[in-house]
Every structure is written in C-alpha cells, then in structure tokens.
1. Of all residues being modelled with pLDDT of 75 or more, touching a strand residue (DSSP E or B) at 6+ places or on another chain (Cβ under 9 Å) and in a helix (DSSP H, G or I) in the range 18-50, which is surrounded by the fewest Cβ atoms within 10 Å (Cβ to Cβ)? Just the residue, please.
2. The conditions are (1) modelled with pLDDT of 85 or more; (2) touching a strand residue (DSSP E or B) at 6+ places or on another chain (Cβ under 7 Å); (3) buried (at least 17 other Cβ atoms within 10 Å of the Cβ), and residue 182 fails exactly one of them. Which is it?
3. When you scan the range 62-96, how many residues do you find that are buried (at least 22 other Cβ atoms within 10 Å of the Cβ), modelled with pLDDT of 65 or more and either over 16 Å from the mean Cα position of the chain (by Cα) or not in a strand (DSSP E or B) (or both)?
4. Being in contact with a helix residue (DSSP H, G or I) (Cβ under 9 Å, 6 or more places away or on another chain) and outside any loop (DSSP other than H, G, I, E, B) is the filter; apply it to the range 213-240 and report the residue that is surrounded by the most Cβ atoms within 10 Å (Cβ to Cβ).
C-alpha cells in the first residue's frame, strides 16, 4: 500500500510545473510525505540549509548565527556557530531544541550533527552530538501555539502553554516568546508593553519594577544585570510552536 501511495505521488509530481512543486515543498506536511516516499526533489544539503534559515531569526535574537559547513558521505551534518549564541544563557535550549529539531525534521536520514564554534574552528574543536545534544529528546516539549499568529506588530500578549505562562510579542514579522517572569523583581510581566529604546529598538518594560529588557536580543536587561528567559519558536507541521522545558511540559 505504501508503494502504491508513492507511485501515485510520483505521477502527481511529474505533471506539476516547478513553481507549483516549490510551493508544495513549503508545506511541512507535504515535504514530510515526500521524504517518506523518497520523492523530495532537494538533496540533503539543500534541505538542511533551508532548515537553518527557518531558525536563523531565533538564533539572531541571541546574537548568533549558524552556517552549514558540509554534509559528509556518512550523512553527518557539520555546522559552524558564530556570534555570541554559544555563550548566551539559553544556548543549550537554542541549539538542542531549535537547530537539531529543524535539521532532523528536514533531513531524517542524517546520522549525526557536529557543531564547531567559529572562534575554535581553526583547531577543529568539535562539539559532538553526544555532548551538545545530550538532552535534546528530553529537554523540552513542543506545544502548538497558533494563537501567537494573531499578535499585531508591536503587540504583547500573555499565553498559557503546556502548564507555563509565557509572554509573547511581535516585532515586525518575528515573534519572540519569554517565560512570564521578571528576573529583577521576581514577579509577572503581565501588563508589559513595548517601548522604543534610545537606538530605536523595541524595549519591554516590567510593569512592576520598570526594568527594561531588549526583546530582540535574548531578553538582555538594559539597565542592570539579568535577562528574560527566551523560549524557541518555530513553525512545525505548518503551525507556530513553542518549546516548553520538560520540567514544566512533562
């Protein structure tokens, strides 16, 4: 029966023009179906590069970026991490939940992921998946949050996701999500709104203690120490989803 479905899909693809095929590939469900039947037209490297593009805004919010170095003959994906993402307080969440999830979803046939920090690339200091992604499968739960898409530009909203209250805000086309907790006064951020900072960047102000946080750059506090706790946001299976820590979601 599986072979029959695959043969049917192959015939459908054969009569579609390239533009239509590319639009279909943008749908995660369709892309996954084609992968199952070995019909996805893009090679592993192209799919991995596309997956990295999908998480790049989140990495950028942590002051970092990621670059595909190669996919080896043994199907090992080698990545280079640049910027301050590795040293950011939530780097493990960023890497484990965002990068690995996106890459493995796009290329399930890969055997491993290796990450090289840019500053250590010269001496090939490789972080093996056993150490870098040790808790990827138990480190968090992805919770569907399609309601986040309803946020208007500049709007801030509170949401209950998987037993955790989070604060989400939209800046341009990007959505940023943080745990609803001010590290300065140890209270909720309910009622917080976005303000324009001195340099024009959006700033979130705690309504309780009036501490200011940079929502675009991993929630860093602008007038003191500490930072908000960011949570990864990705489109998974065509739906906005947020990674909730396993101690909360499971």
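The values are calculated or read from the model by the stated rules, or taken from the named source; none is laboratory data. Here the structure is a predicted model, which is why all the values come from computation and not from measurement. A quick note on method: Cβ atoms are made from the backbone with ideal geometry, for glycine too, and the neighbour counts reach across all protein chains shown.
1. It comes out as 45.
2. (2)
3. 1
4. So the residue we want is 231.
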